[in-house]
Amino acid sequence: MCAIVGCVSSGNPQLLNRRRLMQATESMAHRGPDGIAVLLQGGNDAVGSIGLGHCRLAVNGGASACQPIRNGAGTLSIVVNGELYDPDDVLRRRLENQGQRFATHSDSELALHLYAQYGLDFVDYLRGEFAILIHDAIADRLVAVRDRFGIKPLLYTHRSGEIWFASQARAFRAAGMQLERDVESVWHAMSFQYTLPDRTLYRNVYQVPPGHLAVARAGAISLKQYWDLDYPRRNDQPSLHDRQDPRDSAASFVNRLDEAVRIRLRGDVPVVAHLSGGIDSCSVLESASRQGVIASAFSIGFPGKHDHDETTFALEMATRSGVAFHGLDGSAETLIDAIERSVAVSEGWCVNGHLPAKFLLSRAISDAGYKVALTGEGADELLAGYAHLKIDLCRQTSPGAIQKIQADNRNSYGSMIPAAGGALPTQAIQRALGYLPTFLAAKASQGWMLRSHVKQDFLAQFHGRDAMEELAAGVFHQEQLRDRHVIHQSLYCWIKTALAQNILRTLGDGCEAAHGTEGRLPMLDHLLFDWVKQQPVSHLLRPQSCRPKGSPADGDGFTDKWLLREGMRNRLPACVIERPKRPFDAPPLADSLLRCRRIRDYVQSKIDDHPFFDSAKVRQTLSNMQHASRETKTATDPLWWMLLSSTVA
């Protein structure tokens, strides 16, 4: 994990100076504690018109890999956050044969020479998790690129003749710019949990969306999308009968997963693994263990009488793999102690205790002396692992199974599966898609619950506006959704919202970077994704009627992530293969609010004078928790965490 900064100044040439550039870069030193450097161009050593900054987390390339990196002629300069993968140095050798000369052993320099050779088309050759800034002195432009899924963040702001890019918004504040809450994004977060894809919680601070590049020059910035999910149209989807044996596809998938894991094991430092006990992280650990050395596995548990804790399964898997196991305490008291720091450093709000839990997990990895961790994130997006996708499929094929799916996934009640009661209007979603994805129905019910506790004078600013209509306008690209399978449509919407805005940016990068650690995500290797999306949907969510004899079956008649479960059948214990999906969620806070005076006092201290929530309404709901059902406590959980999140500056 690193941090990058870039600035193009077209105003007063004295504005962009070394001090401001260094302050912006140093503000993110937690992301890259192994070295800080800046480069000013277009002026002298003190001021300039172009600036680049880099905080280094040293994991590859040795001493020669310090950034910014320049080409031999000094016309190109680059800073990179993340990892670029070039198996067997194929691209490097090709570029050398084309006349490019490498000066370092850094994988980041690969992007510099790809750009020199192919211009803006260089993005087509990039593989990995990355955010990149390149200054092209000849073309007089700063090029910014974010990876395809949004694993690494890249923000920008345009003020007073300057365009700034950075890994985090705090860099802009350090450079002398004010950061204020963007009330529209707050309203969106209170409505459907996320900001729009190009927005942040800060006014005039935007994201380069996943799969986009930006070109900044002379006070102007333009964005271009270079990649999208591109699910096949229904007529292009292979039928089940186009394959001789679907188990051949499962074997091919695992071979491709092994390759995605293998290339993420390289580096100058030991690699560890996140381990929840579910099939995603267990598969990544098993693959890594058979291909290389995994130093340790880290897991956080949630003690208590509930089914959120998977520590026992994680410990069994670590023992089976022969790696040291580090289990962490994820009790409510511990999570509450970490909530303010985790929100501040991740620059995102949360609706569950999983944010401080992920923060604590990354801190433990750093405290143990490690920098790089493999994670299983992205498997559910890659392979249709969520229960809400089953419901979307069942509405068309097996409506009788929906009640069973809902009963088996009560932990997702109100967040991924709609809660009983009110909901925000969703007609705009239904008009755009022809149906309402279950998870968006859940966000509509969650938004209704949250907004019923928000101050009326805040909501009055948005009278007559439809948040779900704005979500549809900002997320849905009809050419990417028209004539697609319902599962692909739902995945498209989920990946553009929940994955990019929360799972990757806030829970992933935000918490990992807080402690100078780096997450590597083999399940989101874009070549693996491109192969999987061409497989029949029945290879992802497999109906019982299509299941080969002996394959695991869920009680609802579907096997989720069938390619993975079938492919890992002889490599993982049956208890892992057959365990149903459990989202990484902490137990609802309500029981701890009732049981623990310290937690209750802390939450109550945040209620009065809250900038967005109505204290009387929140206190009434708090008193109602004494006799609330499990479903109500689960559905109300986002209220407490949003209440705490939104008080952190």
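The values are calculated or read from the model by the stated rules, or taken from the named source; none is laboratory data. Since this is a predicted model, take the numbers as computed values, not measurements. All Cβ positions, even for glycine, are placed from backbone atoms using ideal geometry, and neighbour counts span all protein chains on display.
Answer yes or no as to whether R94 is surrounded by fewer than 24 Cβ atoms within 10 Å (Cβ to Cβ), closer than 30 Å to T195 by Cβ and in the same structural domain as A63 (by TED's automatic domain parsing). Please lay out each step first, then the result.
Details: surrounded by fewer than 24 Cβ atoms within 10 Å (Cβ to Cβ): yes; closer than 30 Å to T195 by Cβ: no; in the same structural domain as A63 (by TED's automatic domain parsing): yes.
Judged against the criteria, R94 is not a match.
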*Residue that is farthest from N71 (Cα to Cα) [pool: residues in region 97-143 that are small (G, A, S) and part of a helix (DSSP H, G or I)]*: G119
_Which residue is surrounded by the fewest Cβ atoms within 10 Å (Cβ to Cβ), if the candidates are limited to region 103-124 and must be at pLDDT 95 or above and of a type in the set (A, V, I, L, M)?_
L120
*Give me a count of the residues in region 34-57 that are more than 19 Å from L16 (Cβ to Cβ) and surrounded by fewer than 19 Cβ atoms within 10 Å (Cβ to Cβ).*
2
*Members of region 574-614 found to be among the polar types (S, T, N, Q) and without any contact (Cβ under 8 Å) to a residue 24 or more places away in the chain, listed by number*: Q604, S605
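Might you let me know whether region 527-540 holds any residue that is closer than 30 Å to A58 by Cβ, modelled with pLDDT of 95 or more and touching a Gly at 6+ places or on another chain (Cβ under 9 Å)?
Keep residues of region 527-540 that are closer than 30 Å to A58 by Cβ, which gives 527-529.
Then drop every residue that is not modelled with pLDDT of 95 or more, which leaves 527-529.
Those still in the list that are touching a Gly at 6+ places or on another chain (Cβ under 9 Å) too: 529.
Yes, because at least one residue in region 527-540 is closer than 30 Å to A58 by Cβ, modelled with pLDDT of 95 or more and touching a Gly at 6+ places or on another chain (Cβ under 9 Å).
R127: surrounded by 13 or more Cβ atoms within 10 Å (Cβ to Cβ), among the basic types (K, R) and either touching a Phe, Trp or Tyr at 6+ places or on another chain (Cβ under 7 Å) or in the same structural domain as F529 (by TED's automatic domain parsing) (or both), yes or no?
Values: surrounded by 13 or more Cβ atoms within 10 Å (Cβ to Cβ): yes; among the basic types (K, R): yes; either touching a Phe, Trp or Tyr at 6+ places or on another chain (Cβ under 7 Å) or in the same structural domain as F529 (by TED's automatic domain parsing) (or both): yes.
For R127, the condition - surrounded by 13 or more Cβ atoms within 10 Å (Cβ to Cβ), among the basic types (K, R) and either touching a Phe, Trp or Tyr at 6+ places or on another chain (Cβ under 7 Å) or in the same structural domain as F529 (by TED's automatic domain parsing) (or both) - is met.
Residue-wise test of (1) within 22 Å of the chain's Cα centre (by Cα); (2) within 27 Å of S108 (Cα to Cα).
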| site | (1), (2) |
| --- | --- |
| D147 | yes, yes |
| I151 | yes, yes |
| R159 | no, no |
| F165 | yes, yes |
| A174 | no, yes |
| Q178 | no, no |
| D182 | yes, no |
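Can you tell which of R31, R19 is outside any strand (DSSP E or B), among the charged types (D, E, K, R) and more than 24 Å from the chain's Cα centre (by Cα)?
On the way: R31 fails: more than 24 Å from the chain's Cα centre (by Cα).
Exactly one of R31, R19 is outside any strand (DSSP E or B), among the charged types (D, E, K, R) and more than 24 Å from the chain's Cα centre (by Cα), namely R19.
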_Going by what's in this entry, would H388 be described as in contact with a helix residue (DSSP H, G or I) (Cβ under 8 Å, 6 or more places away or on another chain) and part of a strand (DSSP E or B)?_
no
_Count of residues meeting criterion [buried (at least 24 other Cβ atoms within 10 Å of the Cβ) and either without any contact (Cβ under 8 Å) to a residue 60 or more places away in the chain or among the small types (G, A, S) (or both)] in region 133-143_ = 1
_Just to be sure I understand, how many residues within region 196-230 are small (G, A, S) and either farther than 17 Å from R159 by Cα or crowded, with 20+ Cβ neighbours inside 10 Å (or both)?_
3
*Within region 436-475, tally of residues that are among the charged types (D, E, K, R) and over 12 Å from L424 (Cβ atoms)*: 2
*Residues within region 29-39 that are in contact with a helix residue (DSSP H, G or I) (Cβ under 6 Å, 6 or more places away or on another chain) and either in contact (Cβ under 8 Å) with a residue 24 or more places away in the chain or of a type in the set (F, W, Y) (or both), tallied*: 2
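Being over 27 Å from E512 (Cα atoms), over 16 Å from the mean Cα position of the chain (by Cα), modelled with pLDDT under 95 and not assigned by TED's automatic domain parsing to the domain that holds Y194 narrows it down to one of A423, A428, A407, so name that one. It would help to see each step written out before you state the result.
Working: A423 fails: modelled with pLDDT under 95; A428 fails: modelled with pLDDT under 95.
A407 is the lone residue from the list that is over 27 Å from E512 (Cα atoms), over 16 Å from the mean Cα position of the chain (by Cα), modelled with pLDDT under 95 and not assigned by TED's automatic domain parsing to the domain that holds Y194.
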